[in-house]
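Inspection log for the structure reproduced underneath, given as C-alpha cells.
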Amino acid sequence: MNGFFATIIATIATTTTVYALDDIPAFINTDADSISISTADAAQKVAWKNVASKLDSLERRTSSSVIRVLHIGDSHIQAEFVTNALRAMLQDTYGNAGRGLVSPLRLAGTNQPVDYTITAPDVTNWRKTRLLKLPWEATPGVTGIAAQPIKATTTTIKVLGAGHRITLATILTANGDRTYTYTTPQDSIIINLEANESLYGAILENGQPGVLYSAIGNNGACFTDYLLIPGFVKSTKIFHPDLIILSLGTNEGFSYMTDDEIQRCTTDLIRLLRNTHPSAAMLVLTPMECQINRNHGYRPLSPYYDINEHVADAARLISDVAKGQGIPIWDFYTIAGGHGASDQWIKSELFSKDRIHLNAAGYRLQARLMFSALRSAFRQ
C-alpha cells in the first residue's frame with residue numbers, strides 16, 4: 001500500500017468541490033449512509049450529544065467554542081485528500097478554527113498534503129523516521145514520524161489559504177511541546193530546532209470558533225502499528241479531542257494477520273483511546289473494497305487485478321469490535337456498495353491506478369457521504 005500518490009497530488013485543489021446529492025452514483029448505498037448513535041453505549045451517547053450541542057451553537061453562531069476532531073488512519077488519511085475535503089465542509093458549516101495538525105512528512109521522506117509546506121535550509125542532514133520503515137533512525141512521535149536534524153537548524157511552516165492563517169501554534173517535538181502565539185495572523189512561522197531534536201508536527205489554530213480537524217495518517221498502517229509507537233495514546237492528549245475517528249483496515253486486508261490478531265489490536269487501540277479520553281465521542285470507519293494485483297512483483301507481466309476478499313473480512317471484524325465496545329460505526333464498506341463495488345468505482349473513474357486508493361474525485365465523494373452521515377448523526 002506504500003509508494004502511491006504522485007499521480008493525484010498534482011490534480012487535487014486546496015479548495016473542495018463537493019458532490020450534490022443528485023450527483024451521487026447509483027451504485028452507492030445511500031440508505032446505509034448513516035451513523036447510529038442509538039446503538040452506542042451510554043457514555044458514547046452522552047459524548048455525541050455534547051458534541052452535537054456544541055456544533056449546533058457554532059452553526060447558529062452563538063458560541064465561541066472550538067470542536068476538536070482527531071482522525072487516525074492509514075495512507076487514505078496521510079495525503080489528506082478525504083480529510084481536507086471533510087475539514088472544509090465541516091468548517092464551512094460550523095466555523096473555521098484553523099488547519100489543525102501539520103506534520104513534516106516530506107522532511108521524513110514521504111508524501112505530504114498539498115495545503116501546507118514544512119521546509120528547512122538543508123534537508124540532507126536529517127534522520128528520517130517513518131512508522132512502517134524499519135529500522136527507525138529516531139523514535140517516532142504521536143504523528144508516527146520523526147524528522148530529526150543532525151545539526152541545530154530552523155524549519156518554516158507555511159499554510160496555503162487565508163482561512164488557516166496562524167495565531168496559535170503548538171509545536172510537537174521530542175524535547176517537549178511548546179506553544180507560540182501571534183497577535184497578527186501568520187501565513188508562515190519559523191521554528192528553531194536543536195541538534196537531534198525530533199520534530200513530530202504542529203497544531204495550528206487561528207483563534208476563531210469552529211472546527212479544528214487534525215489528521216494522523218501513516219502509509220501502510222494497521223491498528224497494531226499505532227500500538228507500537230512508544231506512548232502514542234498518551235501523546236494524543238495534546239489534541240484535547242471532542243471526537244476521535246478511526247479509519248483503518250485496508251492494510252489488515254493485505255496482511256497475514258489472523259482474525260484474532262485483527263480483533264485484539266482493534267480492541268486494544270479503541271480501549272486505550274477511550275480510557276485516555278473518556279468524554280470524547282468516537283467513530284469507527286470500515287474500509288471499502290479494493291483490489292489486488294495478482295502479478296505484482298512478476299514484471300514484465302501485465303497487471304492482473306482481482307477483488308481483495310480479505311478487506312471484507314477486516315471490515316467485518318473491525319465492525320464487530322466497535323459494536324462490542326459500544327462505539328458508533330460508519331460502514332464505508334457497505335455504503336460504497338459492498339462486494340463488487342470496486343469495479344463500479346473504477347468504471348466511474350473514482351479509483352486511482354493502483355486500485356487500492358481512490359483518486360481526488362473518489363475521496364471527495366467519500367467526504368461528501370461522510371459529511372452527510374455526520375450531519376444526520378449530530379441531529380439525532
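Any read-out appearing in this document is the output of simple, stated calculations on the displayed coordinates, not a laboratory observation. Computed from a predicted structure; not experimentally measured. With ideal geometry, Cβ positions are generated from the backbone for all residues, glycine too; neighbour counts draw on all protein chains shown.
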Highest GNM mean-square fluctuation among Pro25, Pro121, Pro185, for the chain with Cα springs under 10 Å, belongs to Pro121
Ranked by GNM mean-square fluctuation in the chain (Cα springs under 10 Å), the top entry among Ala26, Ala312, Ala85 is Ala26
If unit charges are put on Cβ atoms (+1 for Lys and Arg, -1 for Asp and Glu) and the dipole of segment 194-278 is taken about its Cα centre, the option from Ala221, Gly249, Thr276 lying farthest towards the positive end turns out to be Thr276
The distance between the Cα centres of segment 159-211 and segment 304-380, in whole Å, is 33
If the chain between Asn50 and Thr179 were fully extended at 0.36 nm per residue, the gain over the current Cα-Cα distance would be 43.7 nm
Computed for segment 56-189: size of charge dipole around the Cα centre, +1 on C-beta of each Lys and Arg, -1 on C-beta of each Asp and Glu, debye to nearest 20, value 260
Footprinting proxy, Met257, Met282: sorted fewest to most Cβ within 10 Å, the residues are Met257, Met282
Phi angles of segment 174-183, converted by Karplus (6.51 cos²θ - 1.76 cosθ + 1.60, θ = phi - 60°) into ³J(HN,Hα) in whole Hz with x for Gly and Pro, give 5, 8, x, 7, 9, 10, 10, 10, 9, 6
With a ≥ b ≥ c from the Cα gyration tensor eigenvalues, square-rooted, and the rule rounded for a/c under 1.5, otherwise prolate when a/b > b/c and oblate otherwise, the chain is rounded
Measuring from its Cα centre, the chain shows a charge dipole (+1 at each Lys and Arg Cβ, -1 at each Asp and Glu Cβ) which, in debye to the nearest 20, is 860
Dipole check, the chain, charges on Cβ (K,R +1; D,E -1), about Cα centroid: among Ala322, Thr184, Ala32 the Cα furthest to the positive pole belongs to Thr184
A chain fully extended from Leu272 to Lys323 at 0.36 nm per residue, minus the present Cα-Cα distance, gains in nm 16.7 nm
In nm, the gap between the two label points placed 7 Å beyond Cα toward Cβ at Ser38 and Tyr256 is 4.6
In the chain, lysine pairs 8 or more places apart or on different chains with C-alpha atoms under 25 Å apart total 18
Given the candidates His71, Val159, Gly231, the one whose Cα lies deepest towards the positive end of the charge dipole of the chain, counting +1 at each Lys or Arg C-beta and -1 at each Asp or Glu C-beta, is Val159
Taking a ≥ b ≥ c as the square roots of the eigenvalues of the Cα gyration tensor, with a/c under 1.5 meaning rounded and otherwise prolate when a/b exceeds b/c and oblate if not, segment 115-235 is oblate
